[in-house]
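Student: Pasting a structure below so you can have a look.
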Amino acid sequence: MNHELIAQEIYEIVGPAGNIRSVTHCMTRLRLYLVQRPDNMESNLQKIAGVLGVNDTGDELQIILGPGTAASVTDCFTSIIDKAAGDTAVQPAAPEKPQIGDGKALHAQIRAKNATPVKLFFKRIASIFMPLIPAFIACGLTTGLLSIAAKIDPSITTAAWFQLGAVAGNVVFWSMNLFIGYNTAKEFGGSPILGGILGGLISHPGLAAITLGDTQLVPGRGGVISVLLVAALGALIEKRLQRLIPDMFSLFLVPLLTFLIAGPIAICVLQPLGGLIATTIGTAATAAVQHGGALTGFVLGGLWLPLVMLGIHQAFTPIHVELLSQYGMTILLPILAMAGAGQVGASFAVFCKTKNAHLKKTVASALPVGIMGIGEPLIYGVTLPLGKPFLAACIGGAFGGAVQAAFAVGASALGISGLPLAATTNHVLIYLLGVLTAYVAGFIAAWLLGFDDPADEA
């Protein structure tokens, strides 16, 4: 795939450089803020080879490219803009009121109506964890593959290479609090490195040798919740001190006082509070699956796609991370991943029933990446616009989620879905059974519910 060519073709549609206010990317998407929307922008972008889909939220333009490709195309795209603008880097800036073209997708309308402060806060919290997803993928897959190998031949667990691999698979949990503290402080306007050392403070193994009064300190108590709290507090204190302390003393006093003020509060207040919150989250999540079983999985798997549409799914990111921190597994991710599998089944039914050549081609091109866990092309290009297949996908996700919950399938990674997630689960065959169940249930539901075939409107 020629990333430079893709970037150039995108630029020719959304440019010139002055029309592009901000360039960022996530795992699968190039994200742009534009001053104005060119005519026929979405349809022209979707014609580019390598573009899996386009989602225009009304303020942000998201061009779906897939894992790896998104980062590479963004680098090429930024270079093109820098060159066109005389080597002046594009600076992120909130758009004023970009013009919105006609024919917005249903998803864009939903997001615009539901951009509430609470959901935006969830999105902000989720953005703290997004940079960690590659680490969770790398370490989770390493752990999962080692686990599969150990089940095949238990004797290899004593080999040095296996033990080194186990250390490598666990490294994200060893260093996670430092990164989360860093990202939290950055997100809340503080110095990232101060957030990092505050996260390191409450995780330091030396705390185990200290007793305050009658309380034995516990390194890492409260997990990621405590780190979020202390790093956000540190950023707040730092910004206040910067306004109070004269500039000539700011370099020395602001970081010192921030650390000395936030540190004791973290140890004495935020760690116990974070511990309570973290324990409650972990206990509630595991109890819901253990006691609710298949019913809990059915409800969560069925509701996940609507939650994504409403933007509430962002709240689950720190929950996944906390479960990974506490148990080394998240029992929620395999359940929620079934929504994507239901999407695949429903879309395949559309492929089999439709007489519209363009729709058939869209499904055929999007199904392979959907099977691999990238669901955006199927959501925005197939099931959501057609309506009833989206409901069918939810039904497929519900049945698949019931299977995962019934057998308490857990995953040691975050940020992947579909078939690749199987390697990180504690019950690979059961996970694959759940995927197959979601495929079949989604297909049957879409077949029975039907849809208005665009070919019938011609």
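No lab work stands behind these numbers, since they all come straight from the coordinates. Keep in mind that this is a model prediction, so the values were computed, not measured. Methodologically, a virtual Cβ is constructed for each residue, glycine included, from the backbone with ideal geometry; neighbour enumeration extends over all protein chains shown.
Student: Compute the Rg to Rh ratio over the chain from the alpha carbon atoms, using the Kirkwood formula for Rh, and round to two decimal places.
Tutor: Rounded to two decimals, Rg over Rh is 1.00.
Student: Could you give the dipole magnitude of region 159-291 about its Cα centre, charging the beta-carbon of Lys and Arg +1 and that of Asp and Glu -1, in debye to the nearest 20?
Tutor: Charge dipole of region 159-291: 120 debye, to the nearest 20.
Student: Long-range amide H contacts for Asp56: which residues qualify at under 5 Å (H placed 1.01 Å from N, peptide plane, sequence gap of 5 or more or a different chain)?
Tutor: Gln62, Ala105
Student: Could I ask something else about it? What ranking, highest mean first, results for peptides 191-198, 352-359, 69-76, 391-398 when packing means the other Cβ atoms within 10 Å averaged over each residue?
Tutor: 391-398, 191-198, 69-76, 352-359
Student: Hey, another quick one. Using 5 Å bins from zero, what percent of all Cα-Cα pairs in region 159-291 falls into each bin?
Tutor: 2, 11, 17, 18, 17, 13, 10, 6, 3, 1, 1, 0, 0
Student: Show me the ranking of peptides 401-407, 260-266 by mean Cβ neighbours inside 10 Å, starting with the highest.
Tutor: Averaged packing, sorted descending, gives the order 401-407, 260-266.
Student: Take the alpha carbon atoms of region 129-177, find their center, do the same for region 224-296, and report the distance between the two centers in whole angstrom.
Tutor: 28
Student: Would you mind calculating the gained length between Ala138 and Ile152 on full extension (0.36 nm times residue separation, minus the Cα-Cα distance), in nm to one decimal?
Tutor: Value of the extension gain: 2.9 nm.
Student: Ok, one more. Looking at the square roots a ≥ b ≥ c of the eigenvalues of the Cα gyration tensor of region 362-447, which shape do they give, rounded for a/c under 1.5, prolate if a/b is larger than b/c, or oblate?
Tutor: Because a/c hits 1.5 or more and a/b fails to exceed b/c, region 362-447 counts as oblate.
Student: List the pairs from Lys355/Lys388; Lys47/Lys360; Lys83/Lys361 whose alpha-carbon separation is above 27 Å, in the order I gave them.
Tutor: From the list (Lys355/Lys388; Lys47/Lys360; Lys83/Lys361), the Cα-Cα distance tops 27 Å for Lys83/Lys361.
Student: Which whole-Hz couplings ³J(HN,Hα) result when phi for each residue of region 127-140 is put into the Karplus expression 6.51 cos²θ - 1.76 cosθ + 1.60, θ = phi - 60°, listed in order with x for Gly and Pro?
Tutor: Those phi angles translate into 5, 5, 8, 4, x, 7, 4, x, 5, 5, 5, 4, 6, x Hz.
Student: Would you mind checking which residues have amide H under 5 Å from Leu34's amide H? H placed 1.01 Å from N; only 5 or more apart, or other chain.
Tutor: Answer set, sorted by chain and number: Arg21, Leu61.
Student: Right, next: When the dipole is taken about the Cα centre of the chain, and only Lys, Arg (+1) and Asp, Glu (-1) are charged at their Cβ, what size is it in debye, to the nearest 20?
Tutor: 560
Student: Pull out the extension gain between Tyr327 and Ala160, defined as 0.36 nm times the separation in residues minus the alpha carbon to alpha carbon distance; nm, one decimal.
Tutor: 57.7 nm is the gain from fully extending Tyr327 to Ala160.
Student: Once you order the gyration tensor axes a ≥ b ≥ c over the Cα atoms, which shape class does region 294-457 get: rounded for a/c under 1.5, otherwise prolate or oblate by comparing a/b with b/c?
Tutor: Here region 294-457 falls in the prolate category.
Student: Given only helices, namely DSSP H runs of n ≥ 4 each adding -39500 (n - 2.57), what is the per-residue ellipticity at 222 nm of the chain, to the nearest 500 deg cm²/dmol?
Tutor: -20500 deg cm²/dmol
Student: With unit charges on the beta carbons (Lys and Arg positive, Asp and Glu negative) and the dipole taken about the Cα centre of region 294-457, which residue among Ser325, Gly375, Tyr431 sits farthest to the positive side?
Tutor: Checking the options against the dipole of region 294-457, the answer is Tyr431.
Student: Averaging over all projection directions, find the projected area of the Cα convex hull of region 228-332 and quote it in nm² with one decimal place.
Tutor: Directional mean of the projected Cα hull area for region 228-332 stands at 8.9 nm².
Student: Applying a 10 Å radius around every beta-carbon, put 136-145, 297-306 in order of their mean neighbour count, most first.
Tutor: Highest mean packing first, the order is 297-306, 136-145.
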